[in-house]
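Shown next, in structure tokens, is the structure this report addresses.
Derivation of every value follows stated rules applied to the coordinates shown; laboratory data play no part. Remember, predicted model here, so these are calculated numbers, not experimental data. Cβ atoms come from the backbone with ideal geometry, glycine included; neighbour counts cover every protein chain shown.
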Amino acid sequence: MENKKQILLNSLIIFLYAVCTLIFVLHHEIWADEAQAWLVVRDLNILGIIEHVRTEGHPLLWYFVLLPFAKLPLQGAMVMQIINWLVVVVALGIWMFKSPFNFLSKSALLLSSGFLYWYAVIARSYCFIPLFMFLIAILYKKQKEHPFIYALLIILLANTHIIMLGFCTGLAILFLYNNRDKKSLIAASLMLASFACISLYLWGSQNENIIVKSSAPLPFRQNVAFALDRAVLNIYSNVTPFYTLIFYVFTVLGLITTAIKNRQMLFLYVFNIIFQFGLYMYIWGQIPQRIYTLFLVIIFCFWIMFGDLGKQWKTVLNIAILFAFLPSFSGGLTLIKQDLKDNFSDGKRTAEFIKTHIPQDAFIASNYPLNTTSISVYLPQNKGKWKFYYHGYKDYYTYSKWDKDLPPGFAPLPLADYLKNRNDIYVILSLGTFYEDIKPIYTSSGNVFTQQEKFSIYHITRKQIYGK
């Protein structure tokens with residue numbers, strides 16, 4: 001009877017979670033980082049995708065998952081959002097039914113801002129991280145019986161995002177340490193070969209990526225302090241003594257528990273922290289989905305150790321998970337309210353204006369292509385129709401080219417050059433207001449979540465520039 005009641009409760013909370021987050025997903029406007037992946041796979045062939053994605057510093061899994069859907073006719077990017085949402089719902093179904101923690105601590109994870117909003121609503125490769133981590137946790141103590149399935153899951157996890165490469169390398173090292181039979185050695189070799197391929201593929205990409213290349217690292221001590229503050233901010237949406245205390249208590253508890261109860265999990269945890277924060281300080285900046293993986297690593301370690309712990313330790317870990325994740329609910333609720341109330345990005349509304357008011361063959365120039373991908377993703381895939389031109393690329397574009405230099409967002413556009421052989425042009429500005437003497441034909445509403453994706457569109461004629 002108790003088991004049936006637990007199944008019913010788990011099913012109910014997963015159902016309610018799925019329905020609520022689906023409503024949020026269907027309302028959410030895709031923004032530039034989400035749009036980028038869809039446009040890359042929609043508008044490039046396989047070789048072009050492989051060549052381009054390297055400059056973004058990402059493994060290829062997410063792009064290959066999207067590829068067959070993006071190539072289908074009449075498919076919009078909403079399918080990407082549904083895939084993302086479905087993967088997260090499945091991952092949390094595994095969490096609710098298979099993880100060893102109590103109902104309250106398991107429910108706290110669903111209600112955290114990471115799963116209520118960032119993973120479920122924002123469609124990016126991070127959706128696969130909890131899915132593969134939870135599957136690996138289930139198989140961890142059976143890894144010797146199923147070495148190739150275990151290896152495959154770790155390889156897939158490593159290919160979700162570079163942030164997981166340290167964790168996966170740690171798992172592979174532990175697998176090799178614990179298993180010396182022929183099958184396990186082959187499986188370990190496959191894992192390490194896969195990690196080597198990822199590293200070779202991405203080697204040097206930080207020197208080609210305009211964002212990474214332009215970021216100057218702080219001195220070490222300042223960098224550590226900044227990374228820790230950002231971690232608290234990204235998990236709880238605010239930095240207060242209370243949230244900071246929760247963050248440090250949970251991370252230190254993970255350190256203490258693994259040190260006392262399972263030295264292999266201690267190795268995995270410390271290895272992951274060193275790798276992640278090294279990336280945060282010197283290569284990639286933090287965003288909520290990335291820093292949440294630190295907490296996921298902690299609960300992974302707790303999961304693996306849980307069956308070997310006494311009742312008191314189990315109670316401590318359940319309470320720790322509850323109090324680590326539940327306080328972020330308010331931040332997640334705020335994000336949801338804001339997303340439901342305001343446009344996340346004005347890309348969708350701007351695209352609707354363009355389709356209604358601007359000719360398909362018009363020359364449309366932009367001043368900052370990193371932002372206008374959120375418009376392009378809502379425009380139809382028609383060659384030569386409603387494509388944007390950027391003088392830094394010297395070409396038309398739909399997706400951002402990370403290996404091309406960008407001038408400051410306020411740099412003026414070469415309007416005279418554009419109008420030499422044209423009677424009129426359209427200009428989309430995503431940063432700044434340059435033409436005080438020309439009234440825009442379109443301006444974003446003030447309620448835009450992503451502030452840089454507020455757009456103004458100007459219709460500029462040859463007469464306005466040359467006076468004739």
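Values as computed for the structure displayed
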item: Relative contact order for the stretch 347-466, counting Cα pairs under 8 Å that sit 6 or more residues apart, in percent; result: 28 percent
item: For the stretch 86-176, alpha-carbon Rg and Dmax in angstrom; result: 13.5, 37
item: Positive-pole candidate from N179, L72, V316, dipole of the chain, charges at beta carbon; result: N179
item: Contour excess over end-to-end distance, with Cα ends at S189 and F64 and 0.36 nm allotted per residue; result: 42.6 nm
item: Violating pairs (Cα-Cα greater than 23 angstrom) within the set K4/K261; K348/K454; K348/K463; result: K4/K261; K348/K463
item: Linear extension gain, Y177 paired with K385, 0.36 nm per residue minus alpha-carbon span; result: 69.2 nm
item: Cβ-placed point charges (K, R +1; D, E -1), dipole of the stretch 295-445 about Cα centre in debye, nearest 20; result: 360 debye
item: Model label zone, K142; criterion: amide N under 17 Å from point 7 Å along Cα-to-beta-carbon; scope the stretch 82-113; result: 94-100
item: Quotient of Cα Rg and 2.2 N^0.38 Å for the chain, N being how many residues it contains; result: 1.06
item: Other-chain or far-sequence residues with amide H under 5 Å of S345's (modelled H); result: E29, F449, T450
item: Label-to-label distance, nm, for residues given as K420 and L47 (7 Å Cα→Cβ offset); result: 3.3 nm
item: Computed FRET value (nearest 0.05) for V79 with H27, which takes r as the C-beta separation and R₀ as 22 Å; result: 0.85
item: Spin-label model distance (nm) - D361 vs F329, 7 Å beyond Cα toward Cβ; result: 5.9 nm
item: Mean ellipticity per residue at 222 nm, deg cm²/dmol - from DSSP H runs of n ≥ 4 across the chain, formula -39500 (n - 2.57); result: -19500 deg cm²/dmol
item: Residue-wise HN-Hα coupling along the stretch 342-356, computed from phi with Karplus coefficients 6.51, -1.76, 1.60 (Hz; x: Gly, Pro); result: 10, 5, 5, 10, 8, x, 5, 5, 5, 4, 5, 5, 4, 5, 8
item: 3J(HN,Hα) from dihedral phi, the stretch 136-143, Karplus parametrisation 6.51/-1.76/1.60, rounded to Hz, x for glycine, proline; result: 5, 4, 4, 8, 3, 7, 10, 4
item: Gap separating the Cα centres of the stretch 340-355 and the stretch 12-31, nearest whole Å; result: 20 Å
item: ³J(HN,Hα), Karplus 6.51/-1.76/1.60, whole Hz, each residue of the stretch 262-273, x for Gly, Pro; result: 7, 5, 5, 5, 4, 4, 4, 5, 5, 4, 5, 4
item: Degrees between helix 182-202 axis and first principal axis of the chain (Cα, 0 to 90, nearest 10); result: 30 degrees
item: Protection proxy ranking of 84-96, 363-375, 7-19 - average other beta-carbon atoms within 10 Å, highest first; result: 363-375, 84-96, 7-19
item: Simple label model, 7 Å out from Cα along Cβ direction - V19 to Q312, nm; result: 4.4 nm
item: Unsatisfied cross-links (Cα-Cα over 29 Å) in the set K98/K341; K337/K401; K385/K420; K355/K394; K5/K314; result: K98/K341; K337/K401
item: Residues whose placed amide H lies under 5 Å from that of S237, excluding near-sequence neighbours; result: none
item: Protection-proxy order for peptides 128-137, 176-185, 447-456, 320-329, each taking the mean of Cβ atoms within 10 Å per residue, highest first; result: 128-137, 320-329, 447-456, 176-185
item: Point-charge dipole on Cβ atoms (K/R +1, D/E -1) for the stretch 31-150, about Cα centre, debye to 20; result: 500 debye
item: Separation between Cα centres of the stretch 305-337 and the stretch 50-120, rounded to whole Å; result: 21 Å
item: Size of electric dipole in the chain: Cβ of Lys, Arg +1 and of Asp, Glu -1, about Cα centre, debye, nearest 20; result: 740 debye
item: Cα lying deepest toward the dipole's positive end in the chain, options L406, N234, F101, charges on Cβ; result: F101
